[in-house]
Amino acid sequence: MQVGAKRIKAASSIVALLFAGVALTASAAVTQAQSSNGLTPSPPGAEVYFINLKDGATIPEKVKIFFGLKNMGVAPAGSDLPNSGHHHLLIDTELPPLNRPIPNDFNHLHFGAGQTETELTLKPGPHTLQLLMGDKNHVPHSPPVMSARIHVMVVPKGGPTPSAPGAKVYFTELKDGAVVPPKFTVYFGLKNMGVAPAGSDRPNSGHHHLLIDTGLPPLDKPIPNDFNHLHFGAGQTQATITLKPGKHTLQLLFADKDHIPHNPPLFSKRITIQVADPSLRTPSPPGAKVYFVGLHDGSVVHQHVTLHFGLENMGVAPAGIAKPNTGHHHLLIDTTLPPLNQPIPNDFHHLHFGAGQTEATVTLPLGKHKLQLLLGDAKHIPHNPPVYSKPITVTVIKDEK
Amino acid sequence: MKKLVIVTIAAASLLGAATLPAASQDNQSAAIKNLNMSAVPDLNRDAVRKVQAALGAKSFDPGPIDGIIGPRTRAAVRKYQDHFGIKATGEIDNQTLFALGTVQLATGH
C-alpha cells in the first residue's frame, strides 16, 4: 500500500512540473507573440511628430526641439512594456535600416533615458531632421513610428532690430562667375524693406554694406568699417568700386541704424567674380558715355519703337574698323551684361549694330523690358573701361492704330 | 510503473511541442536582421495591391488599387520615400515595405 502511495505522489509531482512547464512556455509564447517576426509591434494610430517645428522653418543655431507622441507611451531603453518606446532624432541622414538597432552617432541621437525634448546646436545652412521611435533594443517598431523628414534652414542670430518677413537683399545685376573690368558698378537689390540712412530710426528699414573678399562678420555686433566691409550709410543703392585683376568674392549685408545686422539677418549669396586684366582690351577715352536719347527708366513705349543711341566723347565706327576712340553699338534686351573681356554674344538678347547704326526700330513684346546699351570695339569686345549705359526698364504698350 | 512512463512521455512531448515555435521564431528574427534592405523583392499582384492600399491609407495616392506597378504607383512610392527619408528610387524595396508596415512582404511570408 505504501508503494502505491509513493507512486501517486511521484505521478502528481510530475504532473505539477508538467503544468509549470506548460505555463512557462505559454508565457514565453505570449511575449514572443508580441514580437511577431523579431520586431516589436507598434500600436495602431501611433504617431511621433515635432511639436514646435515645421517643414521649411528657419531656425537659429541653438534651438530647443520638443518631441510629440500620440497613441503611444515613452519608456526608457531596455524597458519591455508593450505600446512604448523611446525617441531618436535623425540629423542630416536618411532613415536607418528598419530591421536593425538604430546606429548611435552624431547623426542618430538616442534619448534612451525617456527624454521628450532636447536642445540642439546646428551649423548655419540647410539641415534635415526626423523623429523615429525605437523599442527596448533601439530597433524601430513594426510598422515604424516615424515623423516626416523635415527640412530646416539654420540662420545665425542677428541683432536687436527685427527684419520684415520675406525681406531679401540681393545683387540685381551681378551673377556668380561674372567677369568684370577693374572699375565696375554694383547695384544693390532690396525686397520688402526700405533703405534709410544710418542713424535713422524707422521700422522695416536699414542700409547696405558690401563685403569684399571676406566672410560674414558676427551678426549680432556692428559691422566693422574697413576696405573689406564698405558701409553705405547715406542710403546708397549702388557703388562703383575698383578691384585688382583676379578672383574676388562679394556679398551684401543689410544692417540697422547702428550698423548691426537685423534678426533674422538679411544677406545675399556670396558671389565670386573675376576682374579681367584691362591691358588686353581696346582703351576707351575718359568721359565716354553711351545712353538712350529721349528714353529713361520708367518710359512707356509702343511695340514698334525707334530707339536712338547717344554717344558722348567717342565716335561710332562699323565693326572691323579699328580707329582709336571708336566703337559700335549693341542693344541688350532683358539680359545682364555679358562677360566684358570677350566678344559680345550675338542673339535675340544682344542685338549688334556693326554697320555703325545709331538708331534701331525694334518690335518688343508687351510688358516690362530691360534695355541697356553696350559699346564694342572692332572685334565686338567691350572697351577698357567698358562703355555701357545704366539699364532702364520700359513698359511696352500696344501700337496706336 | 507503466502509468508513470506514459505520463512522463506525454509530459516530455508537451514540453517539446511548446518549445518548438520559439526556435522557429528565433530563425525568423535572424532572417529579418540579415535582410538586405535595399533589395527589391518580386511582388505578385496581391502583394502590390497591399502596398498600394498602404500608400493610399497614408494619403500617397497610387491611383487604382489594381496590383500593377504603373507610373502612378511609382510616383506615390517616390513621394512616400522622399517624405520619410528613404532613398527615393520609386522601387518598392525592403526598407519601403518595412516602413509601410508590410514586413511580411519583405520576408516572403
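The values are calculated or read from the model by the stated rules, or taken from the named source; none is laboratory data. Nothing here was measured: the structure is a model prediction, and the numbers come from that model. Neighbour counts are summed over all protein chains in view; Cβ atoms, including those assigned to glycine, are modelled from backbone coordinates with ideal geometry. Accessible surface areas use protein heavy atoms only, side chains included; no ligands, DNA or RNA. Shrake-Rupley method; radii C 1.70, N 1.55, O 1.52, S 1.80 Å.
The requirement of being open to solvent by 60 Å² or more (accessible area, probe 1.4 Å) and in contact with a helix residue (DSSP H, G or I) (Cβ under 8 Å, 6 or more places away or on another chain) is not satisfied by A:Asn313.
Inside the range A:176-224, residues that are of a type in the set (S, T, N, Q) and either modelled with pLDDT of 95 or more or under 30 Å from A:Pro338 (Cα atoms) (or both) make up a count of 3. Being touching a residue at least 24 places away in the same chain (Cβ under 8 Å) and exposed (fewer than 14 other Cβ atoms within 10 Å of the Cβ) holds for only one residue in A:Ala239, A:Ala178, A:Ala234, A:Ala255, and it is A:Ala234. Per the conditions (1) within 14 Å of chain A (Cβ to nearest Cβ); (2) over 20 Å from the mean Cα position of the chain (by Cα); (3) not hydroxyl-bearing (Ser, Thr, Tyr), the sole criterion not satisfied by B:Pro64 is (1). Answer yes or no: is there a residue in the range A:124-131 that is assigned to a strand (DSSP E or B), surrounded by 16 or more Cβ atoms within 10 Å (Cβ to Cβ) and more than 14 Å from every other protein chain (Cβ to nearest Cβ). No: the range A:124-131 contains no residue that is assigned to a strand (DSSP E or B), surrounded by 16 or more Cβ atoms within 10 Å (Cβ to Cβ) and more than 14 Å from every other protein chain (Cβ to nearest Cβ). Out of A:Pro82, A:Pro97, A:Pro126, one residue alone is in contact with a helix residue (DSSP H, G or I) (Cβ under 7 Å, 6 or more places away or on another chain) and either closer than 22 Å to B:Asp82 by Cβ or among the aromatic types (Phe, Trp, Tyr) (or both). It is A:Pro97.
Residues in the range B:10-48 that are modelled with pLDDT of 55 or more, in a helix (DSSP H, G or I) and open to solvent by 90 Å² or more (accessible area, probe 1.4 Å): B:Asp26, B:Asn27, B:Lys33, B:Arg45. Among the residues here, B:Arg74 does not qualify as more than 19 Å from the chain's Cα centre (by Cα), over 16 Å from B:Leu43 (Cα atoms) and not polar (S, T, N, Q).
Looking only at the range A:107-117, decide whether some residue is within 14 Å of chain B (Cβ to nearest Cβ), closer than 30 Å to A:Asn71 by Cα and assigned to a strand (DSSP E or B). Looking for residues that are within 14 Å of chain B (Cβ to nearest Cβ), closer than 30 Å to A:Asn71 by Cα and assigned to a strand (DSSP E or B), one finds at least one in the range A:107-117, hence yes. Only residues that are small (Gly, Ala, Ser) and under 26 Å from the mean Cα position of the chain (by Cα) were counted in the range A:96-140, giving 1. The condition of being farther than 16 Å from A:His259 by Cβ, charged (D, E, K, R), outside any strand (DSSP E or B) and open to solvent by 40 Å² or more (accessible area, probe 1.4 Å) does not hold for A:Lys221.
When the range A:62-89 is filtered for residues that are open to solvent by less than 70 Å² (accessible area, probe 1.4 Å) and either touching a Pro at 6+ places or on another chain (Cβ under 8 Å) or hydroxyl-bearing (Ser, Thr, Tyr) (or both), the ones remaining, listed by number, are A:Met72, A:Ser79, A:Ser84, A:His86. Could you go through the range A:275-289 and let me know if any residue there is hydrophobic (A, V, I, L, M, F, W, C), open to solvent by less than 10 Å² (accessible area, probe 1.4 Å), assigned to a strand (DSSP E or B) and within 30 Å of A:Gly367 (Cβ to Cβ). No, because not a single residue in the range A:275-289 is hydrophobic (A, V, I, L, M, F, W, C), open to solvent by less than 10 Å² (accessible area, probe 1.4 Å), assigned to a strand (DSSP E or B) and within 30 Å of A:Gly367 (Cβ to Cβ). If we scan the range A:147-168, do we find a residue that is within 14 Å of chain B (Cβ to nearest Cβ) and small (Gly, Ala, Ser)? Scanning the range A:147-168, I find at least one residue that is within 14 Å of chain B (Cβ to nearest Cβ) and small (Gly, Ala, Ser), so the answer is yes. The residues of the range A:90-107 that are within 23 Å of A:Gly73 (Cβ to Cβ) and either surrounded by fewer than 19 Cβ atoms within 10 Å (Cβ to Cβ) or of a type in the set (Ser, Thr, Tyr) (or both), listed by number, are A:Pro101, A:Asn104.
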